[in-house]
Amino acid sequence: MQTVKEEIILGIDPGTNVMGYSFVKKVGKKLELLEMNVLKLNTKVEMSTRMKTIFDFVLQKIDEFKPDMLALEAPFYYKNVQSMLKLGRVQGICIAAGLSRDIPFTEFPPKTVKQAITGNGNASKEQVEKMLKMMGLITEDPKYLDASDAVAVAVCYCNQSQKLDTGVNAQVAAKKPKTKTLSWAAYVNEHQNRVIKK
């Protein structure tokens with residue numbers, strides 16, 4: 001009899017003021033939410049102090065739940081470059097905490113996470129939370145949507161490997177459309193209208 005693989009994923013939605021985190025257990029095709037919450041940071045203290053708080057907190061949670069994988073939402077472009085740099089540092093601190101316990105990591109752009117959960121890469125945080133409820137992963141409204149975003153990141157990682165038995169076929173949304181790679185000759189053949197003949 002084949003043994004069902006069990007895996008615990010730590011999902012993180014990085015933030016310098018509020019950082020969402022979740023622990024999702026994947027057994028075969030089924031998912032179970034172990035914990036979902038946020039780490040609220042004191043905005044009045046220096047960034048270096050906040051970074052230390054994040055590192056210690058993530059390490060403590062890793063030691064408590066012993067995850068097999070760390071999945072993070074990657075920083076995306078902000079009009080304020082400083083904000084993006086700060087988020088990048090938070091992500092790096094979380095990765096460092098994971099690596100200090102030999103935990104591999106992966107990251108996903110926000111659009112990829114939203115696409116995997118809702119089928120729409122431009123979905124709102126509220127739409128992501130609603131879909132996670134439909135999937136049966138969360139049962140009540142989180143105080144901060146950063147927490148449900150962290151669950152979404154963990155689920156996005158799970159979707160990359162196989163379809164999940166969640167009650168809602170959100171995994172169809174995670175499938176990327178197939179793109180075909182054309183040779184130059186094939187491209188010219190398929191786009192005769194663009195070819196200028198002399």
query: In nm², what is the average projected area of the convex hull enclosing the Cα atoms of the range 88-146?
result: 5.1
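Please compute the alpha carbon radius of gyration of the range 12-127, then divide it by the globular-protein estimate 2.2 N^0.38 Å. Two decimals is fine.
Details: Rg = 14.5 Å, N = 116, 2.2 N^0.38 = 13.4 Å.
With N residues counted in the range 12-127, Rg over 2.2 N^0.38 Å equals 1.08.
Using 1/(1 + (r/R0)^6) with R0 = 45 angstrom and r between the beta carbons of Glu32 and Leu85, what's the FRET efficiency to the nearest 0.05?
0.80
Computed from the coordinates by the stated procedures, all read-outs in this text should not be read as laboratory data. From a predicted model like this one, the values you see are computed outputs, not experimental measurements. Glycine gets a Cβ as well: all are built from the backbone with ideal geometry, and neighbour counts include every protein chain shown.
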